[in-house]
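Quick note: the coordinates plus some simple rules give every number you see, no bench work behind them. Being a predicted model, the structure only gives us computed values, none of them experimental. Cβ coordinates were reconstructed from backbone atoms using ideal geometry, including for glycine residues, and neighbour counts include every protein chain displayed.
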Amino acid sequence: MGLWDKLREAGNYLRKLRQSRDPDSYVQYKRGRNHERKQADHAREHARDSAEREREKAERGREYEERYTRERESDS
């Protein structure tokens, strides 16, 4: 690899660094969009898991009430 190739690689690397740090660049826009998408996915997953836990909790509560009601009736 010659000197010119190394200089070209260094120039390309520096250009990429400058582009990615520019707040108006497409790279920053794309990063922001990906970040927002991941946050939205995480929020949806959290809401779904939370709703599922609430359903399971309510179902367990109903099962306990039914069981205790049957036990009280059988004891009477």
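Projecting the Cα positions of A43, G61, S76 onto the charge dipole of the chain (unit charges on Cβ atoms of Lys, Arg, Asp and Glu, taken about the Cα centre) puts A43 furthest along the positive direction. Electrostatic tally near Y68: other residues with Cβ closer than 13 Å to its Cβ, Lys and Arg +1, Asp and Glu -1, net -1.
Between D5 and V27, the modelled labels are 2.4 nm apart [label points 7 Å from Cα along Cα→Cβ]. For region 60-72, 3J(HN,Hα) computed residue by residue from phi via the Karplus equation (6.51, -1.76, 1.60; θ = phi - 60°) reads 4, x, 5, 4, 5, 4, 4, 5, 5, 5, 5, 5, 5 Hz, glycine and proline entered as x. Placing dummy labels 7 Å off each Cα toward the beta-carbon, the span from R60 to Q39 is 3.3 nm. Let me know the volume per residue of the alpha-carbon convex hull for the chain, in Å³. Per residue, the Cα convex hull of the chain comes to 114 Å³. In this simple spin-label approximation, E52 and S74 carry label points 7 Å from Cα along the Cα→Cβ vector, and these lie 3.3 nm apart. Positive contributions from Lys and Arg (+1) and negative ones from Asp and Glu (-1), summed over other residues with Cβ under 12 Å from the Cβ of Q39, come out at +1.
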